[in-house]
């Protein structure tokens, strides 16, 4: 039901903008892994970034990349591309969403890599601020709910996953930017019922729940 509600509200918002002569929608940038990209959603229109953008009449710019980490090392690190993707903030730019930690928790081991994760996040946030993005426009998502069981044979369990969520929270507090704990929210709203059959990526209900929880947070 949420996805149909969002689509209807998006249509009304666009119609209102058209009638008022406002044809410039706020732009929102989404950076993250395969869940940001919308893997296992029934269609790209059902991923959380699109549902949220439709609800709020934003222009969605989605840079989600499967397997990407925030860790400061490796070929799949966001450190390799954030400087080319985060631009000087313009008058139409609304938010930057940063959603990392699931792959970091799975592919990395030990305290050293949690510190590397935090260091990487700090570099990205510092760079965004230098490009004119204020604290209130930078939003860190501290991880989604994933099951302890997955056919992917994730190394991560809920305790290790929580370590990275807490690390992301610490970064947000240190740099005074916004933070959303979607793991806790998804547990309250259905947990495994919100996951696809790989027990990692959300199903359509999961993506709709994520969009709804972020929309509530922004309100």
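Throughout, read-outs are computed from the coordinates displayed, never taken from laboratory work. The model shown is predicted, which means the values in this text are computed figures rather than measured ones. Neighbour counts are summed over all protein chains in view; Cβ atoms, including those assigned to glycine, are modelled from backbone coordinates with ideal geometry.
Working from the pairwise distances between different alpha carbons, so that the mean of 1/r is found and then inverted, what is the stretch 19-142's Kirkwood radius in Å? So the Kirkwood estimate lands at 15.2 Å. The C-alpha radius of gyration of the stretch 124-219, expressed as a fraction of 2.2 N^0.38 Å, stands at 1.17. Packing here is the average count of other Cβ atoms within 10 Å per residue, and on that basis the peptides 41-52, 93-104, highest first, run 93-104, 41-52. What is the percent of Cα-Cα separations in the stretch 45-95 that go past 14 Å? Summing the P(r) tail past 14 Å for the stretch 45-95 gives 63 percent. Beta bridges assigned by DSSP with both partners in the stretch 67-219 are antiparallel in approximately 10 percent of cases.
Across the stretch 166-219, counting alpha-carbon atoms alone, Rg and Dmax equal 12.6, 37 Å. Put a dot 7 Å past the Cα of residue 159, heading toward its Cβ, do the same for residue 76, and the two dots end up 2.5 nm apart.
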